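The values are calculated or read from the model by the stated rules, or taken from the named source; none is laboratory data. Please read these numbers as outputs of a predicted model, since none were measured by experiment. No Cβ is skipped: glycine too gets one built from the backbone with ideal geometry, and neighbour counts run over all protein chains shown. With ligands, DNA and RNA removed, areas are computed over all heavy atoms of the protein, side chains included. Shrake-Rupley method; radii C 1.70, N 1.55, O 1.52, S 1.80 Å.
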Amino acid sequence: MLVEDAVDRILGQWRRERPEVADELWPMGLVGRIQRLDRVLERELKAFYAQRDLELWEADVLLTLRRAGEPYALTPGALLKASMITSGAMTNRIDRLEAKGLVRRSPGADDRRSVRVQLTPRAHELIDGFFTEHIANEARLFAGLSNGEREQLTTLLRTTLHALGDTDIT
């Protein structure tokens, strides 16, 4: 049994107002639900990280550095590729994380003109200290889906992202 959601109500309004395009409204349903899901997930993740005195963007940068492996360092350019922000915004984020003692800048190993951003031991300990809770929190967000539904959703999202050109990883 499907439960009606807010997007169904919106689509119903469009069907009433524009019945001649009723059969063509399916993209609005998908986009609307994905956008609403994005807002809900962002709200939930912000609350989780706020309990750890972190902003969502701070956790994103720190987790990116942590998953990079030893020595837990990347260039600002590599960090930029992992996010969807401007280079000026990334510089600002690195500055703020450095001021909090969570990252440090150091010269690149191969080229002293380049810079690497590295997790501090304090940040490494912080990330590792809540990582298991982070995974459990994200699992909680999708607890309403069966294993098969989660796998199906994962496949559909991956396929859609790939079709839209989002294939780069850091």
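Things to note:
- Criterion: buried (at least 17 other Cβ atoms within 10 Å of the Cβ), at pLDDT below 95, among the small types (Gly, Ala, Ser) and closer than 19 Å to residue 49 by Cβ - qualifying residue of 123, 68, 82: 82
- Conditions (1) closer than 18 Å to residue 57 by Cβ; (2) open to solvent by less than 90 Å² (accessible area, probe 1.4 Å): number failed by residue 159: (1)
- Here residue 150 does not qualify as open to solvent by 70 Å² or more (accessible area, probe 1.4 Å), assigned to a helix (DSSP H, G or I), closer than 20 Å to residue 50 by Cβ and free of Cβ contacts under 8 Å to residues at least 12 places away in the same chain.
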